[in-house]
Amino acid sequence: MSELERKIAERILREGPIPFSVFMEMALYDERLGYYRGEPFGKDGDFFTASQLQPVFGAYVRAVAEKLMPGFACFVDIGAGRCELSTSFGDGVYRSVEEGQQIPKSQNAILFSNELIDAMPVDVYEGDVMLKVERREERFVWWPHGPVEDVREVRNAVSKHLHEAYEAIEEGFYILIDYGYRKLERARFASGSLMSYRKHVASDEVLAEPGKRDITAHVDWDAVIDAATEAGWRVESFESLRASMLGLGPDVLEGLNSLGEMQFRTLLFSFGESFDVLILSKKKGPDFSGPSLVNK
Ligand SMILES: C[S@@+](CC[C@H](N)C(=O)[O-])C[C@H]1O[C@@H](n2cnc3c(N)ncnc32)[C@H](O)[C@@H]1O
């Protein structure tokens, strides 16, 4: 049994079955033994993200940021991982924030995250019953039973995160990129969307080998939009990554393509189809409180 398995098993012995969010938090973010304390990214790791499609992804994000706030002086990459985007921004502009750190206070800033929300812990419900994690016969197992149907994941950490992000800046934008679903697409995930990644192989064995494999769940975009609005953000836009790229116009697209044809195509045709871009804004002044600009 690994040290982290023992730590989780001891907690279950003390407290009884634990919510999945507690298991996921410990598996991914235990301060010493959690999965993200290692090096999970890239060819030798467990998964790729768009941030490895450099310099194209960084240039795309920069172009979106420039369009929102020309000449911005502060770009904060939240959940920055290996900080690959830093090279796309000038000296002193790029700042990174990792799990356990505060978002820096600033007057004007572009906040940004790529695949942050999908890595935040979720609770798992089947109907109204919360499915928990128990230890039996030397293994972690679901309690009272595993997810089967009418399963939904609830990510309580999102609301706190969006409040903190809103409070951190006086004015600015928050660009969130991730994979997920809207209300009408929820039926695609009748038995939930929890997934585990190990050496580029996806599986549903989310309870096995905590600390040694990634655990993720699709983003419930409607829940994020509701939490954002409640925190005070205005929702500027929500569209696929592909639509967002095309919206930058032919000159920018040509520029991105010239930086790396392969990376550009992968971003537009592969990531572009399955990822979405949500843009939130915060502005000072009395007229800032309009309705969300995105249909529910
Ligand atoms: C899937 S990785 C994505 C990394 C990077 N953005 C990329 O595109 O490659 C998720 C990252 O979010 C970080 N993270 C998770 N929760 C966080 C939080 N509340 N605040 C800041 N970072 C967080 C993790 O430590 C990890 O580095």
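The values are calculated or read from the model by the stated rules, or taken from the named source; none is laboratory data. In this text the structure is predicted, and so the values were computed from the model without any measurement. Using ideal geometry, Cβ is built from the backbone for each residue, glycine included, and neighbour counts are taken over all protein chains shown. The accessibility values were calculated without ligands, DNA or RNA, using every heavy atom of the protein model including side chains. Shrake-Rupley method; radii C 1.70, N 1.55, O 1.52, S 1.80 Å.
Counting only strands (runs of 3 or more DSSP E) wholly contained in the stretch 118-188, no element carries 2 or more residues that are among the small types (G, A, S) and in contact (Cβ under 8 Å) with a residue 60 or more places away in the chain. Does S258 satisfy the condition of being among the small types (G, A, S) and under 16 Å from E66 (Cα atoms)? Here the answer is no, as S258 does not meet what is asked.
Can you tell me which residues in the stretch 51-68 are open to solvent by less than 20 Å² (accessible area, probe 1.4 Å) and within 12 Å of the ligand (Cβ to nearest atom)? Passing the criteria: S51, F57, G58, V61.
Tallying residues that are within 16 Å of the ligand (Cβ to nearest atom), open to solvent by 20 Å² or more (accessible area, probe 1.4 Å) and of a type in the set (F, W, Y) within the stretch 143-180 yields 2. Scanning the stretch 57-82 for residues that are modelled with pLDDT of 95 or more and at positive phi returns a single hit, G79. Kindly indicate whether any position in the stretch 176-197 is more than 20 Å from E66 (Cβ to Cβ), of a type in the set (K, R) and in contact with a helix residue (DSSP H, G or I) (Cβ under 7 Å, 6 or more places away or on another chain). Yes, the stretch 176-197 contains at least one residue that is more than 20 Å from E66 (Cβ to Cβ), of a type in the set (K, R) and in contact with a helix residue (DSSP H, G or I) (Cβ under 7 Å, 6 or more places away or on another chain).
The residues in the stretch 90-117 that are free of Cβ contacts under 8 Å to residues at least 60 places away in the same chain and among the acidic types (D, E) can be counted, and the count is 2. Within the stretch 69-80, the residues that satisfy the criterion of being surrounded by 20 or more Cβ atoms within 10 Å (Cβ to Cβ) and either more than 16 Å from V277 (Cβ to Cβ) or charged (D, E, K, R) (or both) are V76, D77, A80. Note on the stretch 69-122: among residues that are in contact with a Leu (Cβ under 8 Å, 6 or more places away or on another chain) and of a type in the set (V, I, T), the one that is nearest to the ligand (Cβ to nearest atom) is I78.
Which of the residues spanning the stretch 51-89 are assigned to a loop (DSSP other than H, G, I, E, B), under 20 Å from the mean Cα position of the chain (by Cα) and touching a residue at least 60 places away in the same chain (Cβ under 8 Å)?
Once the filter is applied, which keeps residues that are assigned to a loop (DSSP other than H, G, I, E, B), under 20 Å from the mean Cα position of the chain (by Cα) and touching a residue at least 60 places away in the same chain (Cβ under 8 Å), the stretch 51-89 yields L53, Q54.
If you filter the stretch 1-50 down to residues that are small (G, A, S) and in a helix (DSSP H, G or I), you find that the one that is nearest to the ligand (Cβ to nearest atom) is A50.
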